[in-house]
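For reference, the structure is listed below as structure tokens.
The values are calculated or read from the model by the stated rules, or taken from the named source; none is laboratory data. Since the model is a prediction, treat every value here as computed from it, not as a measurement. With ideal geometry, Cβ positions are generated from the backbone for all residues, glycine too; neighbour counts draw on all protein chains shown. Note: areas computed on protein heavy atoms with side chains; ligands, DNA, RNA excluded. Shrake-Rupley method; radii C 1.70, N 1.55, O 1.52, S 1.80 Å.
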Amino acid sequence: MDLEKQKKSSAYWKENLKYLSILLGIWFAVSYGAGILFKDALDSIKIGGFKLGFWFAQQGAIYVFVILIFVYVRLMNKLDEKYGYNED
Amino acid sequence: MGDAQVWTYVLVLLSFGLYIGIAIWSRASSTKEFYVAGGGVSPLANGMATAADWMSAASFISMAGIISFAGYDGSVYLMGWTGGYVLLALLLAPYLRKFGKFTVPDFIGERYYSKTARIVAVFCALIVSFTYVAGQMRGVGIVFSRYLEVDIETGVVIGMVIVLFYAVLGGMKGITYTQVAQYCVLIFAFMVPAIFISIQMTGNPVPQLGMGGTLSDGSGTYLLDKLDGLSTELGFAAYTDGSKSITDVFAITFALMAGTAGLPHVIVRFFTVKRVRDARKSAGLALLFIAILYTTAPAVAVFARTNLIETVSGKEYDKMPQWFKNWEATGLISHTDKNDDGKIQYVADAKANELTVDRDIMVLANPEIANLPAWVIGLIAAGGLAAALSTAAGLLLVISSSVSHDLIKNVIKPDLTESGELWAARISAAGAVVIAGYFGINPPGFVAAVVALAFGLAAASFFPAIILGIFYKKMNSSGAIAGMLAGISLMLFYMAKFKLGWIGELPPKEEWWFGISPEGFGTIAMLVNFMVALLVNRFTEDVPKEVQDIVENIRIPSGVGQAIEH
């Protein structure tokens, strides 16, 4: 690989890693955070019949997981385009 | 024959006919079609196939029941088995697709430029897949025996013949398209009774909302509050609170997530799509399709638990409804009148409790408990079979490709021709079906216990090796091999000691390391794998330049298929 190409690919990789750390931060927060570590504290808040911590553990975390992947798909498709790595 | 049984026969036969039809239509004619369906599956089809592949008899039949009895503690399965897809989509699938080979040992073998690494990976893949598949064949047998009144053995054999037919003939291509059909069957079968019951209990047709809604009896009480009250009254923990320690809940959830992301039969599905962006998208779709069932299951658990307690607790045994008698005949519910008062005492205290309920009943008997029409009961049988067969087929493919591609073609006989390898793949698929069937009929006592631990094994072996392989360019072969061996042996040791009791007496919970159960220990074994790998890496060889180039290359999404030739 020549230098120019090398530079481009490492810039791409850096941006990718930045997205990953943000998205995985949210992934951790909704499941291990809201659903487990802070479950008891959140349970004092009620939404309808759900205690909030319990809701995150059995419903909310799963919804957020699905959204996270689709956000990732969008971000990466844009990033691929920016760096010319998209192919159709 | 009752109405329900006629419906069961009709629906099961129809769905089997469909699967066989699809298998004939989509036979594989090359090894590429056999291993990865030619690499041209659409993201939507792959998403559905992955969902069916993933959701086994355990997800369909047992999970809602387990949550029903565990309450909040059951959340580990819900979060663990879905959160793993986030890891898969973000950290593994796109890169493995770019790498573009056929199997997980392929990746390990090439990335770590070592036959030993490949063989270690094959060994791990076989252990993980066999423990898992035996449970599936057993599941098929159980569904047959309960609904169609044949022996479990006959049920397993029928299941074997069906799977043999489409896995051996169609390989990954046949499996993919039958799994699409199986997903549709199983999700329909799961949702219909759930929606009916949600309307009955809360007046809300969406089970996910009904679960948090008020009872439709006009009292204005929230369903969950009522269930918490009923549970504590009988001496159980409140439904929305757990009894497991936070450390253990944390560890189990993580082991299930990393295990999900490291399961070879799930990973291999992402080799079947065309481009890297398709791999990302199909991981999202797969989780969406899985989430439909996984967010409904906890609602079903709440409905079923409330229904059960209200129907039986403190009521006269003679006045139990018909479904109670039906399932008592199968041995899944049993009652001993310990205090001779003719009533059923269902309480947490084991000495006073008179009722034992098998957890599987919460899904299987749900339609009867809620008085749903006979066709719904038939639907549950067809759905359970779809779930078990689709997972079994996916696992069998991993086993056969590990043997034919990774062992025979790459290690034992590299000069094997394309058609020779295709035959080797078919023969090993057939062999794997027979072995799995044998374990389904004669389950060694430890199979059921071990299925849940397959995740721990996958987390302890593959997950770190693949992650390091992608994200750490300087990870070398000695480190990866040492890590995998350390992780899987530690996990096997912990299982043998604390779950199976093979080493001395089975120790009590108090002796668990760090208070972590065998189900959660995969997390610790995984950390050990990472540490050993990195440590050994420090003191051993540098990674060859061309391997570092491969890693550079898989990080870039364009140019799929040229990753290796570069």
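Computed quantities for the displayed model
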{"read-out": "Pairs, first at pLDDT 85 or above and of a type outside the set (Gly, Ala, Ser) in the stretch B:508-522, second surrounded by fewer than 18 Cβ atoms within 10 Å (Cβ to Cβ) and assigned to a helix (DSSP H, G or I), C-beta under 8 Å, six or more apart", "value": "B:Phe514/B:Thr247; B:Ile516/B:Thr247; B:Phe521/B:Trp513"}
{"read-out": "Whichever residue in the stretch B:59-69 is hydroxyl-bearing (Ser, Thr, Tyr) and under 16 Å from the mean Cα position of the chain (by Cα) and, among such residues, is nearest to B:Val357 (Cα to Cα)", "value": "B:Ser62"}
{"read-out": "Count of the stretch A:44-85 residues which are touching a helix residue (DSSP H, G or I) at 6+ places or on another chain (Cβ under 6 Å), within 9 Å of chain B (Cβ to nearest Cβ) and open to solvent by 60 Å² or more (accessible area, probe 1.4 Å)", "value": "1"}
{"read-out": "Output for the stretch A:30-43, where each listed residue is open to solvent by 10 Å² or more (accessible area, probe 1.4 Å) and either over 21 Å from the mean Cα position of the chain (by Cα) or of a type in the set (Ser, Thr, Tyr) (or both)", "value": "A:Asp40, A:Ala41, A:Leu42, A:Asp43"}
{"read-out": "Any hit, the stretch B:335-345, residues being on the phi > 0 side of the Ramachandran plot, acidic (Asp, Glu) and assigned to a loop (DSSP other than H, G, I, E, B)", "value": "yes"}
{"read-out": "Failed criterion for B:Ile427 (all others in (1) open to solvent by 30 Å² or more (accessible area, probe 1.4 Å); (2) at pLDDT below 80 hold)", "value": "(2)"}
{"read-out": "Options B:Ala255, B:Ala238, B:Ala261, B:Ala279; residue that is more than 19 Å from the chain's Cα centre (by Cα), more than 9 Å from every other protein chain (Cβ to nearest Cβ) and within 23 Å of B:Ala51 (Cα to Cα)", "value": "B:Ala279"}
{"read-out": "Any hit, the stretch B:203-218, residues being away from chain A (no Cβ under 13 Å), in a helix (DSSP H, G or I) and either under 30 Å from B:Gly174 (Cβ atoms) or open to solvent by 10 Å² or more (accessible area, probe 1.4 Å) (or both)", "value": "no"}
{"read-out": "Whichever residue in the stretch B:70-119 is closer than 22 Å to A:Asp80 by Cβ and either of a type in the set (Ser, Thr, Tyr) or outside the structural domain of B:Thr272 (by TED's automatic domain parsing) (or both) and, among such residues, is farthest from the chain's Cα centre (by Cα)", "value": "B:Tyr95"}
{"read-out": "Top-ranked residue of the stretch B:430-455 - restricted to ones that are in a helix (DSSP H, G or I) and aromatic (Phe, Trp, Tyr), ranked as modelled with the lowest pLDDT", "value": "B:Phe439"}
{"read-out": "Selected residue (only one of B:Val363, B:Val398 is within 21 Å of the chain's Cα centre (by Cα), β-branched (Val, Ile, Thr) and more than 20 Å from B:Ser145 (Cβ to Cβ))", "value": "B:Val398"}
{"read-out": "B:Phe165 vs. criteria modelled with pLDDT of 80 or more and in a helix (DSSP H, G or I)", "value": "no"}
{"read-out": "Test: residue in the stretch B:115-135 that is outside any loop (DSSP other than H, G, I, E, B) and at positive phi", "value": "no"}
{"read-out": "Among (1) surrounded by fewer than 24 Cβ atoms within 10 Å (Cβ to Cβ); (2) within 13 Å of chain A (Cβ to nearest Cβ), the one test that B:Ser26 misses", "value": "(2)"}
{"read-out": "Single condition A:Asp40 does not satisfy, out of (1) more than 7 Å from chain B (Cβ to nearest Cβ); (2) at pLDDT 95 or above", "value": "(2)"}
{"read-out": "Residue list for the stretch B:76-103, filter: of a type in the set (A, V, I, L, M) and open to solvent by 10 Å² or more (accessible area, probe 1.4 Å)", "value": "B:Leu91"}
{"read-out": "From the options B:Leu485, B:Leu468, residue that is open to solvent by 60 Å² or more (accessible area, probe 1.4 Å), of a type outside the set (D, E, K, R) and at pLDDT 90 or above", "value": "B:Leu485"}
{"read-out": "Every residue from the stretch B:497-515 that is open to solvent by 100 Å² or more (accessible area, probe 1.4 Å) and assigned to a helix (DSSP H, G or I)", "value": "B:Lys509, B:Glu510, B:Glu511, B:Phe514"}
{"read-out": "Residue in the stretch B:362-378 that is more than 21 Å from B:Leu11 (Cα to Cα), open to solvent by less than 10 Å² (accessible area, probe 1.4 Å) and without any contact (Cβ under 8 Å) to a residue 60 or more places away in the chain present", "value": "no"}
{"read-out": "Which listed residue, of B:Ile488, B:Ile503, is assigned by TED's automatic domain parsing to the domain that holds B:Gly83 and touching a residue at least 60 places away in the same chain (Cβ under 8 Å)", "value": "B:Ile488"}
{"read-out": "Residue match in the stretch B:178-200 (condition: without any contact (Cβ under 8 Å) to a residue 60 or more places away in the chain, open to solvent by 20 Å² or more (accessible area, probe 1.4 Å) and more than 11 Å from chain A (Cβ to nearest Cβ))", "value": "yes"}
{"read-out": "Subset of the stretch B:319-349 (residues that are surrounded by fewer than 12 Cβ atoms within 10 Å (Cβ to Cβ) and farther than 25 Å from B:Leu364 by Cα)", "value": "B:Lys338, B:Asn339, B:Asp340, B:Gly342, B:Asp349"}
{"read-out": "Boolean, A:Ser9 is more than 8 Å from every other protein chain (Cβ to nearest Cβ) and either out of contact with any His (no Cβ under 9 Å at 6 or more places or on another chain) or assigned to a helix (DSSP H, G or I) (or both)", "value": "no"}
{"read-out": "Qualifying position, being more than 14 Å from every other protein chain (Cβ to nearest Cβ), in contact (Cβ under 8 Å) with a residue 24 or more places away in the chain and of a type outside the set (A, V, I, L, M, F, W, C), among B:Tyr113, B:Tyr72, B:Tyr85", "value": "B:Tyr113"}
